[in-house]
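Below is one structure; the comments refer to it alone.
The values are calculated or read from the model by the stated rules, or taken from the named source; none is laboratory data. On a predicted model such as this, the values are computed, not experimentally measured, just so you know. Virtual Cβ from ideal backbone geometry, glycine too; neighbours counted across all protein chains shown.
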């Protein structure tokens, strides 16, 4: 108990955690009072790590929240952090591990003696342990697993069979199970013996002799009912569950949709294997969303577990460069259209004033449509039949935006174009017509492209975000030039 | 109890929920077994709504999970859905409300008699009730609040003082409070009387005489300790909490960072006002992320609570058009650079082949950098001192990408450019030099722009996502043209 605040006199160098007063606190107003504990905790953590004494680090780190210890470490510059991470005592690493980027946890574990490392691994929650092991090269993983105590080794091997991104790969087995014919008294006794080893007691699952899930009870059902009642009398025979090979994103979406605390994971015969908890669901959603946003901006490759600032330049480079290179060479198609429109440009140079506008309007509206559709696919339930409804909606939006934008710009040309910009004295009305119609066509076709490409990608079982912004922009750059110059040829009778 | 599955014979037209077998199930393999309940539930919901009988709808809807009822309604076409929403019985609406878009809940409430409506409002969780009221026009809101029973009216008025997007605006007051000098026996009796009216019992807070927060206990601390113990002996005197006027995003981030189930919300004197639960945190994070993604693609305005498909075309149009219009006219700056580069273009028309590439490479790399920085700011803790580290990192990434891309394209020009594309027979080496150097400059300056603009927006207390993709692309379009043509003038000695 007593996670975040420090009992009086717990750490040297501070008179009393409860009464510590900062002389400048009064000037910073009431809000600070509220932040005081946080600041005190931070100072103690810093003092402990600065001292370099393992006993002191351990004493302080056990009382601080591990998220605060991690936050302290990641505000240091990289060298200082690495040096401190090498000296994290094993007992501290057990609590800190889940709050560090996985690569750093692995590195810290690497600095420990084999025996200390095995002991840390043995104490980690099983779902996190499996994530860690999955990040290791095969031979190292085998060696680490071999060193584990037999029970943990069997468990790890059985969990390692589920790929990282499945429900089975994310589940924990540290949850409480009861039998339906137990009395509440027996159940409470049984849970009492387990309570230190289970991640979550808010949801307790009931299984039959074969381990198949029968329902669930909440701790409050046990606490507020007579201890003579049977579990079967108070349980909720709800069987909402997910198959272990299902995608982790599906599990996270079920947890959000039904506001669950824990979702049971079962095998094909409905045998209960583990649970995924609400905090795992939050992590999964954050990961998937970051992945989507990065893909939308043309950033590829494995994200890694490091924060932005702690990822080396070369790794950032590797994740970004391929797309940039591919898109650059794709840009030659636009260039080629431009090169072959020399006739139009040289005769009607005034058209170059509106060329970037026509082209960019397509990129902008295409990206908007793609983002809306991608987001809708990941948060709403879109049935396959929604395809036509999406296309019909975007068609109307695109036509509306395109024609209105075309009209606005045509009016601007008709009434506001300075004669100095038009030395060849080309009919202003014709220019307005070409630009206005081109904008209408470019915006409505780009909006449709932006909506259809992600839907098509999904139908082809690709991540819809792959074909988002940069791909669409590059594509509609070409269509924009083609529309603009061919329209000019047509209306200006080149 | 019994939320998602139907006890045998609960609904007419089905022999027995437990034993119902679909003849085609065998052919669809084992996975289906797992989905059977879901399908049965859906069919029952559909049959009930199709019958139009309020008693039947009520009986079925009370046994189904409200998320499933909502999912059924939102797969109907809009007219059929509206017709069904008008006929939702009051008792069903109480459970269904939170799973519908807020506008639809308000509309369904509007169809009820005043008395039935007040009764529904009275039974809604207080945090959701306040969200609903905040969505109403002032006069309607006042009328609805006036009709509430006195206790609920006072509560609503006190909660309505916190803006929607603050911690206070998202908190619920339906949580359990205990005094430190109670025995566990008294505490359990007290909680038993409250258990139907509290949202969460996994975290119970302990307060002093003045209502200031002293700590928390978990239900397991009460269940597994002797009932003669005092609450003060088992409580965790943790005071992690948030001030009611703090931003909701800050609350959600604390919940994720510390893996909390419930975060206490306090006033300036640390008096406990309410709690924010983990599921609210998930909702807040989803909202903020969708908002970010939309802003990044130049979609503005109030999102509304409707799903993509259920938002009318005109509303989509309103949210997207302003940005498109502004960006289109900003595109005139690029056009104007192009117009004033007539000298370069007409003499060295081969340069037009590489113009779109140089310009677009800036947009692509600028958007990448902006997305990385925006995402890092919203998921990591970036201190003000991180500014220089971000700039330094992006400078190196930009230079690396720019020079490598410039080199690749220069080599392509030197060795692969067909002579037919270059009728003026301009020195290939000079073209390679202009394009290569322009790409290096454009990519590195755009990367810096993409990184700095969101940081600057944040420093100016704007949402960093506002200045993302479309704004950056439009800006670097201009710089790209300026770099390209001026470099050509310089190196080709026009």
Does region B:194-213 contain any residue that is part of a loop (DSSP other than H, G, I, E, B) and in contact with a helix residue (DSSP H, G or I) (Cβ under 7 Å, 6 or more places away or on another chain)?
yes
What number of residues in region A:259-269 are more than 7 Å from chain B (Cβ to nearest Cβ) and farther than 19 Å from residue A:218 by Cα?
3
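Return yes when residue A:98 is under 29 Å from the mean Cα position of the chain (by Cα) and at pLDDT 85 or above and no when it is not. First the steps, then the outcome.
Numbers: under 29 Å from the mean Cα position of the chain (by Cα): yes; at pLDDT 85 or above: yes.
Yes; evaluated as a whole, the condition is true for this residue.
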Can you find a residue in region A:387-398 that is under 30 Å from residue B:465 (Cβ atoms), more than 7 Å from every other protein chain (Cβ to nearest Cβ), assigned to a helix (DSSP H, G or I) and out of contact with any helix residue (DSSP H, G or I) (no Cβ under 8 Å at 6 or more places or on another chain)?
yes
Return the total of residues in region A:43-80 being on the phi > 0 side of the Ramachandran plot and in contact (Cβ under 8 Å) with a residue 40 or more places away in the chain.
0
Taking the stated definitions as given, is residue B:64 assigned by TED's automatic domain parsing to the domain that holds residue B:129, surrounded by 21 or more Cβ atoms within 10 Å (Cβ to Cβ) and over 19 Å from residue B:131 (Cβ atoms)?
yes
Matching residues, region B:426-443, being modelled with pLDDT under 90 and either within 41 Å of the chain's Cα centre (by Cα) or not assigned by TED's automatic domain parsing to the domain that holds residue B:350 (or both)
none
A careful count of residues in region A:334-344 that are touching a residue at least 24 places away in the same chain (Cβ under 8 Å) and surrounded by 18 or more Cβ atoms within 10 Å (Cβ to Cβ) gives 5
Looking at (1) at the interface with chain B (Cβ under 7 Å from one of its Cβ atoms); (2) crowded, with 23+ Cβ neighbours inside 10 Å; (3) within 30 Å of residue B:291 (Cβ to Cβ), can you tell me which one residue A:328 breaks?
(3)
Pairs only if they're at least six apart or on different chains, beta carbon under 6 angstrom, first in region A:223-248 and more than 12 Å from chain B (Cβ to nearest Cβ), second in a loop (DSSP other than H, G, I, E, B); list them, first residue then second.
A:231/A:180; A:231/A:182; A:248/A:165
For region A:81-100, what are the residues that are within 14 Å of another protein chain (Cβ to nearest Cβ) and closer than 28 Å to residue B:393 by Cα?
A:81, A:96, A:97, A:98, A:99, A:100
Which numbered condition residue A:349 fails, given (1) within 7 Å of chain B (Cβ to nearest Cβ); (2) surrounded by 24 or more Cβ atoms within 10 Å (Cβ to Cβ); (3) in contact (Cβ under 8 Å) with a residue 60 or more places away in the chain
(2)
Looking at (1) out of contact with any helix residue (DSSP H, G or I) (no Cβ under 6 Å at 6 or more places or on another chain); (2) in contact (Cβ under 8 Å) with a residue 40 or more places away in the chain, which is the only condition residue A:487 fails?
(1)
Number of the condition not met by residue A:277 [criteria: (1) surrounded by fewer than 22 Cβ atoms within 10 Å (Cβ to Cβ); (2) within 11 Å of chain B (Cβ to nearest Cβ); (3) out of contact with any helix residue (DSSP H, G or I) (no Cβ under 6 Å at 6 or more places or on another chain)]
(1)
How about region B:160-193: which of its residues are in a helix (DSSP H, G or I) and in contact (Cβ under 8 Å) with a residue 60 or more places away in the chain?
B:167, B:168, B:169, B:170
Residue A:307: passes all of (1) surrounded by fewer than 18 Cβ atoms within 10 Å (Cβ to Cβ); (2) within 17 Å of residue B:352 (Cβ to Cβ); (3) in contact (Cβ under 8 Å) with a residue 60 or more places away in the chain but (2)
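Return the only residue of A:404, A:411 being within 16 Å of residue A:368 (Cβ to Cβ), in a helix (DSSP H, G or I) and free of Cβ contacts under 8 Å to residues at least 24 places away in the same chain.
Working: A:411 fails: within 16 Å of residue A:368 (Cβ to Cβ).
The match here is A:404.
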What is the number of the single condition among (1) at the interface with chain B (Cβ under 7 Å from one of its Cβ atoms); (2) touching a residue at least 40 places away in the same chain (Cβ under 8 Å) that residue A:256 does not meet?
(2)
Is it the case that residue A:88 is assigned to a loop (DSSP other than H, G, I, E, B) and at pLDDT 85 or above?
yes
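Look at residue B:403 and say whether it is at pLDDT 90 or above, more than 10 Å from chain A (Cβ to nearest Cβ) and either in contact with a helix residue (DSSP H, G or I) (Cβ under 9 Å, 6 or more places away or on another chain) or over 30 Å from residue B:249 (Cα atoms) (or both). Write out each step before concluding.
On the way: at pLDDT 90 or above: yes; more than 10 Å from chain A (Cβ to nearest Cβ): yes; either in contact with a helix residue (DSSP H, G or I) (Cβ under 9 Å, 6 or more places away or on another chain) or over 30 Å from residue B:249 (Cα atoms) (or both): yes.
Answer is yes for this residue.
Scan region B:453-477 for residues that are assigned to a helix (DSSP H, G or I) and buried (at least 21 other Cβ atoms within 10 Å of the Cβ) and report the count.
Looking only at region B:453-477, we keep the residues that are assigned to a helix (DSSP H, G or I), and these are B:453-459, B:464-467, B:469-477.
Filter again for buried (at least 21 other Cβ atoms within 10 Å of the Cβ), leaving B:453-455, B:464-465, B:467, B:469-477.
Selection size over region B:453-477: 15.
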